[in-house]
1. When you scan the range 424-431, do you find a residue that is within 16 Å of V517 (Cα to Cα), of a type in the set (A, V, I, L, M, F, W, C) and open to solvent by less than 50 Å² (accessible area, probe 1.4 Å), even just one?
2. What residue, among those in the range 359-398 that are in a helix (DSSP H, G or I) and open to solvent by less than 10 Å² (accessible area, probe 1.4 Å), is modelled with the lowest pLDDT?
3. Within the group D481, D460, D485, which residue is over 30 Å from I383 (Cβ atoms) and charged (D, E, K, R)?
4. Sort out which residues of the range 285-302 are β-branched (V, I, T) and either in contact (Cβ under 8 Å) with a residue 60 or more places away in the chain or open to solvent by 40 Å² or more (accessible area, probe 1.4 Å) (or both), and write them in order of number.
5. Sort out for me the strands (runs of 3 or more DSSP E) sitting completely within the range 129-245 that have 2 or more residues that are open to solvent by 30 Å² or more (accessible area, probe 1.4 Å) and not acidic (D, E).
6. Go through the range 103-128 and give me each residue that's among the hydroxyl-bearing types (S, T, Y) and not in a loop (DSSP other than H, G, I, E, B).
7. Which one is farthest from D438 (Cα to Cα) among residues in the range 449-470 that are open to solvent by 60 Å² or more (accessible area, probe 1.4 Å) and aliphatic (A, V, I, L, M)?
8. Looking only at the range 424-435, filter to residues that are part of a loop (DSSP other than H, G, I, E, B) and out of contact with any Asp or Glu (no Cβ under 9 Å at 6 or more places or on another chain); which one of those is farthest from I335 (Cα to Cα)?
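The values are calculated or read from the model by the stated rules, or taken from the named source; none is laboratory data. Just so you know, these numbers come straight off a predicted model, no measurement behind them. Note that each Cβ is placed from the backbone with ideal geometry, even for glycine, and that neighbours are counted across all protein chains shown. Heads up: the accessible areas ignore ligands, DNA and RNA and are worked out on the full protein's heavy atoms, side chains in. Shrake-Rupley method; radii C 1.70, N 1.55, O 1.52, S 1.80 Å.
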Amino acid sequence: MGTFLRTLGAALLANLLSAVLASILLLVCAGGLIAMFVLFGGQPRPVPIPNNTFLVLDLDTAITDMPEQADDLMHSLLAAAAPERQKKRTGLLDLTSALAHASDDPDICGVFIKGSLSDTQNGSGYAPLAELRRALLSFHEKSGKPIVAWLEDPSLKNLYVASAATRLLVHPASDVDMRGLSFTSPYFGPALRKYGIGVQTVKVGKYKSAIEPFLSDKMGDADREQRQHLYGGLWGSIVEDIASSRKIPPATLHAMAAARGILDAGEARKIGLIDGSAGLGEIIDGLKNVTNRRNPKERTFAQVHVRDYIRSVPARFLIPSDGDCVAVLYAEGEIVDGAGGEDAVGGDALAAILRQLRETPEVKALVLRVNSPGGSAYASEIIRLELERFAASEKPVVVSMGRYAASGGYWISTPAAEIFAERTTITGSIGVFGIMFDFKDAAAALGIHFDGVKTARYADIDTLSRPKDPEEIALLQRQTDKIYDNFINIVAKGRNLDREKVLEIAEGRVWLGTDAVKLGLADTIGGLGDAVESAARRAHLKEGAYIVRQFPEPSTTLGMLTRLFRDNGEDPVAGLAPTGLQGRDRAWITNAFLRKSASVVLGVPAFPSATALPQSPAARTASQAANLAATLEKFNDRRHVYARLPWWEL
């Protein structure tokens, strides 16, 4: 026994010493990394741009409303902890501004489009893509400079953007996708019942179908009706835009979608959908001649990536960094209680930023860009109240609706003096629901049972250990009815509509932007740039006499890492926006930072491969189910009542 104890003690001591040494090594490496970030972690310097340079619009990105919040080094760290972040995000306003400046830039001779868009929950929707197309068309119309697009197996979204080009080419082996739009969702009702997971719901609104996947095995009739209307309207807008740019009758494209859907390069050229086909080498040689690079030693044509050009714009065009401004504030993602995080709008965090902007003298007007399917009704009201206070401060508020601005996303839009929506924006969904789960039967199947005491009738109404009884359901339904009634009143007041009119168009019904303008839920069809111009006019700001600042503002690597290892530094009840990293953001960066440090110690790669492969149908279905389940993590309303859009894929 003594020998065993001595051996065990020696092993434990060895493990302890190994852990201490490893920790010391990690700290040393971490210190080295921090030093590296201090030296190299700032924003990259503007790149030189020679004469006759093509601006490269690389679609191998997620085009989001909110620009990338991390610089290059921090993006690499985030990608280590979250592989879905490997593709960088590119902000819509940055893109359209770059194109506008490039049209006047004597060194830019044209635009070259390549790559394949990355779909994310909030990015690369048809609403921002429509504004990007208009910016491309305006670039050519103002400058006369060419736009050359070269794609490989273009999807409908890639084709939609590239159809704005003056010359559209594909790889000779490519197919062109004109199949149209579809939606398929998993329904978990039978599976949840099979495994003993109880689901109870309350709702107001015939079309409020967000709860259906957890109750049923198929789509309800009302949901089918609204989805068919929306997808049909969206498809019509896409076809109309492509047909207009390519000078093809829309009927030809509708007929091709019905007959074939997928065209090879020859068929696509025959109907005028593309101009021709070529390999990348042929494209490069042709553009080398255009940019006067005829020396065989020069590998490619003169070019600048749009991301590098965006960084260069302020210096090239002498744009000031301070002064009177129109603030563009992004509400992108699910609306949740608290601080929020990646792809989630925290009610408390956004309200704090609104307070900060309202109290900043240089901020003369606000554009709230909403790209949200909604979420917590409580958090939505927190944001709306702060936006209402902002509007009352005599600083104009304009809302620009992106891919989604529905349910809670519409709720927070109502104080605006003017609402802009794209034709393809999904909005409305004025309705609310509550959803409650219990695990009584699932636990019982494992031999687990629950028991306890309480001091009042409804003290344990939040429990997951049993289903709600009829009286509890009635209480929750009354609460839901009250919130819906408040929602109706908010819309009627904010949009100056009769209450009865709002009741007619509510019921949880989802509308396209074109419908919303006709119904009075929005004012004008237009994009983010139009909203900024409107806000400036309302604030009596002359063109060229103001700047546009985007919030939340991006951080440098050093700034983010500094905040990572300290608290926010705010008072317990703070009037300003939180500056520290929150929740999942903090966990992601900590994980990535430690992985990078460990890679230095162990000599192994820290980051996974950045190669992205197209999803197979099976993987796509699995991803749908995972996304639907992940949404439940954001169901954190303190009253269990949600103003949220049903699930969409657009």
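1. Taking the range 424-431 as the starting set, the residues that turn out to be within 16 Å of V517 (Cα to Cα) are 424-430.
Right, trim to of a type in the set (A, V, I, L, M, F, W, C) and you get 426, 430.
Adding the requirement that they be open to solvent by less than 50 Å² (accessible area, probe 1.4 Å) leaves 426, 430.
Yes, some residue in the range 424-431 is within 16 Å of V517 (Cα to Cα), of a type in the set (A, V, I, L, M, F, W, C) and open to solvent by less than 50 Å² (accessible area, probe 1.4 Å).
2. Just the residues of the range 359-398 that are in a helix (DSSP H, G or I), to begin with: 377-392.
If we keep only those that are open to solvent by less than 10 Å² (accessible area, probe 1.4 Å) too, we end up with 377, 379-380, 383, 387, 390.
Numbers: A377: 92, A379: 95, S380: 96, I383: 97, L387: 97, F390: 97.
So the residue we want is A377.
3. Values: D481 fails: over 30 Å from I383 (Cβ atoms); D485 fails: over 30 Å from I383 (Cβ atoms).
Checking each option against the conditions leaves just D460.
4. Residues of the range 285-302 that are β-branched (V, I, T), as a first pass: 290-291, 300.
Passing the criteria: V290, T291.
5. Those strands (runs of 3 or more DSSP E) span 198-204.
6. Filtering the range 103-128 down to residues among the hydroxyl-bearing types (S, T, Y) leaves 103, 116, 118, 120, 124, 126.
Scanning the range 103-128 gives S103, Y126.
7. V453
8. The first filter runs over the range 424-435 and keeps only residues part of a loop (DSSP other than H, G, I, E, B), leaving 424-425, 429-431.
Filter once more, so that each one left must be out of contact with any Asp or Glu (no Cβ under 9 Å at 6 or more places or on another chain): 424-425, 429.
Details: T424: 21, T425: 18, S429: 15 Å.
Restricting to residues being part of a loop (DSSP other than H, G, I, E, B) and out of contact with any Asp or Glu (no Cβ under 9 Å at 6 or more places or on another chain), the top hit is T424.
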